[in-house]
Amino acid sequence: MAGKIPFATKEMIEKIAETYPTPFYLYDEKGIRETARKVYKAFSWNKGFKEYFAVKATPNPYLLKILKEEGCGADCSSYTELLMSDAVGFKGDEIMFSSNETPVEDMQLASKLNATINLDDITHIEFLEKVAYIPETISCRFNPGGHFILENNIMDNPGDAKYGLTRAQMTKAFKTLKAKGVKHFGIHAFLASNTVTNDYYPELARQLFTVAAELKAETGAHINFINLSGGIGIAYKPEQSENDIMAIGEGVRKAFEEILVPAGMEDVKIFTELGRYMLAPSGALVTQAIHEKHTYKEYIGVDACAANLMRPALYGSYHHITVLGKENATCDHKYDVVGGLCENNDKFAIDRMLPAIDKGDYLFMHDAGAHGYAMGYNYNGKLRSAELLLQEDGSVKMIRRAETPSDYFATFDFSEFFKK
Ligand SMILES: *Cc1c(COP(=O)(O)O)cnc(C)c1O
């Protein structure tokens, strides 16, 4: 039986559930630190390497603090993400601001915090100058257009993506910025998402390194860093083979040696903005089976719903499910595992072969540590769950409390209906 091993046992979850009712998110500190260390090891050949964790994937200050301790920075895209990163203690160039369609206040806050600003459009030069000022170090997001192809497979469609500057705009932007006093430049691109191949970063690096060398020759700009952004995926399905981060780092190193070193650019720093790869496997949504229903199909109703984990409902994504305590039981029952939203797409699994599930069983939904809690919402008046951290010493710490009805009604605090 193909499987995935949960980072918590039934006994541990039963104990936790005595204090924190299901559903809840549980994160594994040990796994988070191990992944961060692997990423740094894979890029240790590059002197200035830094991973800027994509805050939007898992915006929790306690988890950001762990990543900060492992040497990571924070990649923000909004005002509140900037506030959270500042609160955790990320300073100046430890914050990357990769936003798009940026509001004035967001740009001004990024500027005030001395974050490294990554411009999404050529018009944002004028915008930034108007609402704040042009700093000495700045980055531009590149979009090569067309399709991103790996071994004859179309991985993604940058030509259809709203992000970034065209190749011609990159040259123009670098010249303009240089004339306005910029001394150091960064180049950023995010061309394919959730890639499960060791070739994505090396191919992206090759493209960006080539453009970097061209831009240096054309404009005389000093390229300080190249930001490979996010996009390294994880094996959500047990039968998929995982990415090998060491091979990925080595592939990027090869491209670096072949393109940047001959161009006299061996001081270029490599940055990443990984979200999913850093945290997805180290987080799980834990939920309890509360109903079973036999109609035209077999249903297991759980106490979590798509408002807690939206990916299956939104993208039809697969999240592996382990029925805790039944890890070795035969998967001889075909279920739809469903939440309680009044929406038929509120299904965590469809026609999934699982062991016989009894009411009260705990289900461990794997790989929910990124783009999980973060995408939660309040539809049907559902409340967001708690987030808990399984610490390295085995103890459990609450890192976000569950919402209560007062949180749900908080935005009516001006109104006579909810006066205390
Ligand atoms: C979402 C995002 C990331 C992280 O993407 P993952 O797929 O989680 O690695 C990084 N950078 C930017 C600009 C993003 O929008």
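Is one or more of the residues making up the stretch 2-18 at pLDDT below 95 and open to solvent by 60 Å² or more (accessible area, probe 1.4 Å)? Yes; the residues of the stretch 2-18 include at least one that is at pLDDT below 95 and open to solvent by 60 Å² or more (accessible area, probe 1.4 Å). Just so you know, in the stretch 102-132 the residues that are free of Cβ contacts under 8 Å to residues at least 24 places away in the same chain and not aliphatic (A, V, I, L, M) include one that is nearest to the ligand (Cβ to nearest atom), and it is 124. For the stretch 136-152, the candidate set comprises residues that are open to solvent by 30 Å² or more (accessible area, probe 1.4 Å) and at positive phi; within that set, the residue that is farthest from the ligand (Cβ to nearest atom) is 152. Screening residue 326 against (1) assigned by TED's automatic domain parsing to the domain that holds residue 66; (2) open to solvent by 10 Å² or more (accessible area, probe 1.4 Å) leaves a single unmet condition, (1).
Here is a yes/no grid of residues against (1) of a type in the set (Asp, Glu); (2) open to solvent by less than 20 Å² (accessible area, probe 1.4 Å); (3) under 19 Å from the mean Cα position of the chain (by Cα); (4) more than 19 Å from residue 122 (Cβ to Cβ):
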position: 155; (1), (2), (3), (4): no, no, yes, yes
position: 163; (1), (2), (3), (4): no, no, yes, no
position: 173; (1), (2), (3), (4): no, yes, no, no
position: 180; (1), (2), (3), (4): no, no, no, no
position: 195; (1), (2), (3), (4): no, yes, yes, yes
position: 201; (1), (2), (3), (4): no, yes, yes, yes
position: 205; (1), (2), (3), (4): no, yes, no, yes
position: 212; (1), (2), (3), (4): no, yes, no, no
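When the stretch 219-272 is examined, which residues are found to be acidic (Asp, Glu) and closer than 30 Å to residue 318 by Cα? Those that are acidic (Asp, Glu) and closer than 30 Å to residue 318 by Cα: 239, 242, 244, 250.
Do we have any residue at all in the stretch 276-289 that's out of contact with any His (no Cβ under 6 Å at 6 or more places or on another chain), in contact (Cβ under 8 Å) with a residue 24 or more places away in the chain and surrounded by fewer than 20 Cβ atoms within 10 Å (Cβ to Cβ)? Yes: the stretch 276-289 contains one or more residues that are out of contact with any His (no Cβ under 6 Å at 6 or more places or on another chain), in contact (Cβ under 8 Å) with a residue 24 or more places away in the chain and surrounded by fewer than 20 Cβ atoms within 10 Å (Cβ to Cβ). Counting only residues that are on the phi > 0 side of the Ramachandran plot and either in a helix (DSSP H, G or I) or in contact with a strand residue (DSSP E or B) (Cβ under 8 Å, 6 or more places away or on another chain) (or both), the stretch 184-196 holds 0 of them.
To keep it simple, each residue is scored yes or no on (1) among the aliphatic types (A, V, I, L, M); (2) more than 17 Å from the chain's Cα centre (by Cα); (3) within 14 Å of the ligand (Cβ to nearest atom).
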{"position": "33", "(1), (2), (3)": "no, no, no"}
{"position": "47", "(1), (2), (3)": "no, yes, no"}
{"position": "67", "(1), (2), (3)": "yes, no, yes"}
{"position": "84", "(1), (2), (3)": "yes, no, no"}
{"position": "98", "(1), (2), (3)": "no, no, yes"}
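Only strands (runs of 3 or more DSSP E) whose full extent lies in the stretch 35-114 are considered here, and the ones with at least 2 residues that are in the same structural domain as residue 265 (by TED's automatic domain parsing) and either among the aromatic types (Phe, Trp, Tyr) or loosely packed, with under 14 Cβ neighbours inside 10 Å (or both) are 50-54.
Matching residues to (1) within 16 Å of the ligand (Cβ to nearest atom); (2) part of a strand (DSSP E or B); (3) of a type in the set (Lys, Arg):
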| residue | (1), (2), (3) |
| --- | --- |
| 134 | no, no, no |
| 154 | no, yes, no |
| 162 | yes, no, yes |
| 171 | no, no, no |
| 182 | no, no, no |
| 198 | yes, no, no |
| 207 | no, no, no |
| 210 | no, no, no |
| 213 | no, no, no |
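Screening the stretch 224-325 for strands (runs of 3 or more DSSP E) wholly inside it with 2 or more residues that are within 16 Å of the ligand (Cβ to nearest atom) returns the ranges 269-272.
Could you go through the stretch 185-192 and let me know if any residue there is away from the ligand (no atom under 14 Å from the Cβ) and touching a helix residue (DSSP H, G or I) at 6+ places or on another chain (Cβ under 9 Å). Yes, because at least one residue in the stretch 185-192 is away from the ligand (no atom under 14 Å from the Cβ) and touching a helix residue (DSSP H, G or I) at 6+ places or on another chain (Cβ under 9 Å).
The values are calculated or read from the model by the stated rules, or taken from the named source; none is laboratory data. Not measured: the values here are computed from a predicted model. Don't worry about glycine lacking a Cβ; one is built from the backbone with ideal geometry, like all the others, and counts go over all protein chains shown. Only protein heavy atoms, including side chains, enter the accessible area calculation; ligands, DNA and RNA are left aside. Shrake-Rupley method; radii C 1.70, N 1.55, O 1.52, S 1.80 Å.
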